[in-house]
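The values are calculated or read from the model by the stated rules, or taken from the named source; none is laboratory data. These numbers come from a predicted model, not from an experiment. In this analysis, Cβ positions are derived from the backbone assuming ideal geometry, glycine residues included, and neighbour counts consider all displayed protein chains. All accessible areas refer to the heavy atoms of the entire protein, side chains included, with ligands and DNA or RNA removed. Shrake-Rupley method; radii C 1.70, N 1.55, O 1.52, S 1.80 Å.
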Amino acid sequence: MKTDTTKAIIQFGTRQIPYRLYHGDRKRLRVVVSPEFMVDVFAPKTASEEQVQIAVQKKAPWIARTLDKLESYHPLPTPKRYVSGETLLYLGRQYRLKVENGLTRPAKLWGGFLWVSVEDRSDNHRTRKAVKTWYRKRAHETLARYLEKCYAIASRHGVPEPLLVIRAMRRRWGSCSTSDRITLNLNLVQVPVHCIEYVVMHELCHLKHHNHSKAFYSLLSRCQPDWRRRKETLEKFRLA
Ligand SMILES: [Zn+2]
């Protein structure tokens, strides 16, 4: 049972990580990092402040790593409000939206922000349009590049040359047709590059095997030996 709670901080490099400390009837110290970025330390009632601090400090690298992982695996959010400060994902990294009053210009990624300049920044509709246009442009450039890269490998295994279609899809990252057409989800530019490559390679392999047969997976493994690891990361991202 939890008894008293205190708030404390661990120093890890230049980083200060706050945590909540609970003392209770337990034998060993336990650290829990929740998806809400909270760090909870459960310590035995008998442990002194110093003992707890030393034990938590030892776990600091793990805590920092876990927090980082949580941050990069944040589920895909579709920006709903289009106001300054909102988080956007691009190639698996988080950026913040910065909306300024000024001449209407194309959105630009710079210094951790996606800068949008519109005549009236309270006009969310305009901001939304600028952000969407930016994503679409990035998607066309990025997805075409990785398709080319993956096709260079897949073509050596008898995969026919694909036609690329990019559009927003609600339920899938990608799909393919029997007419050698691959459709990729516009929102795929939000996930890390190695996940984009996984989706692209998966669809490319379907151009040769239109099913999930043994032959399909054996082709995929030849084209992309580490596809399972990539798939696992992709599964941490939700389609918005
Ligand atoms: Zn498939």
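Between residue 105 and residue 216, the modelled label-to-label distance comes to 4.7 nm, taking each label 7 Å out from Cα in the direction of the beta carbon. What is the chain by shape, rounded, prolate or oblate, if you read a ≥ b ≥ c off the alpha carbon gyration tensor as root eigenvalues and call it rounded for a/c under 1.5, prolate for a/b larger than b/c, and oblate otherwise? Oblate, because a/c is 1.5 or more while a/b does not exceed b/c.
Here is the list for the stretch 173-240: trypsin sites (Lys or Arg not before Pro) lying in DSSP coil, each with at most 11 other C-beta atoms within 10 angstrom of its C-beta, are 238.
If you sort 166, 10, 54, 153 by accessible surface, 1.4 Å probe, largest first, the order is 54, 153, 166, 10.
Counting only helical runs of four or more DSSP H residues, what would the 222 nm mean residue ellipticity of the chain come to if each run contributes -39,500 (n - 2.57) and the total is spread over all its residues?
-11500 deg cm²/dmol
Would you mind classifying the stretch 14-57 by shape? Square roots of the alpha carbon gyration tensor eigenvalues, ordered a ≥ b ≥ c; an a/c under 1.5 is rounded, otherwise it is prolate if a/b is larger than b/c and oblate if not. Oblate shape, in that a/c is at least 1.5 and b/c is the bigger or equal ratio. Looking at the chain alone, DSSP beta bridges between its own residues are antiparallel in about 60 percent of cases.
Roll a 1.4 Å probe over the protein chains and send me the accessible area per residue for the stretch 9-160 in Å².
Value for the stretch 9-160: 63 Å² per residue.
Expressed as a whole percent, the accessible area of the stretch 69-226 that falls on carbon and sulfur atoms is 50 (1.4 Å probe).
Seen from residue 108, the other residues with C-beta closer than 14 Å to its C-beta sum to a net charge of +4, counting Lys and Arg as +1 and Asp and Glu as -1. Using a Gaussian network model of the chain in which every pair of alpha carbons under 10 angstrom is joined by a spring, one finds that among 199, 33, 159 the greatest mean-square fluctuation is at 33.
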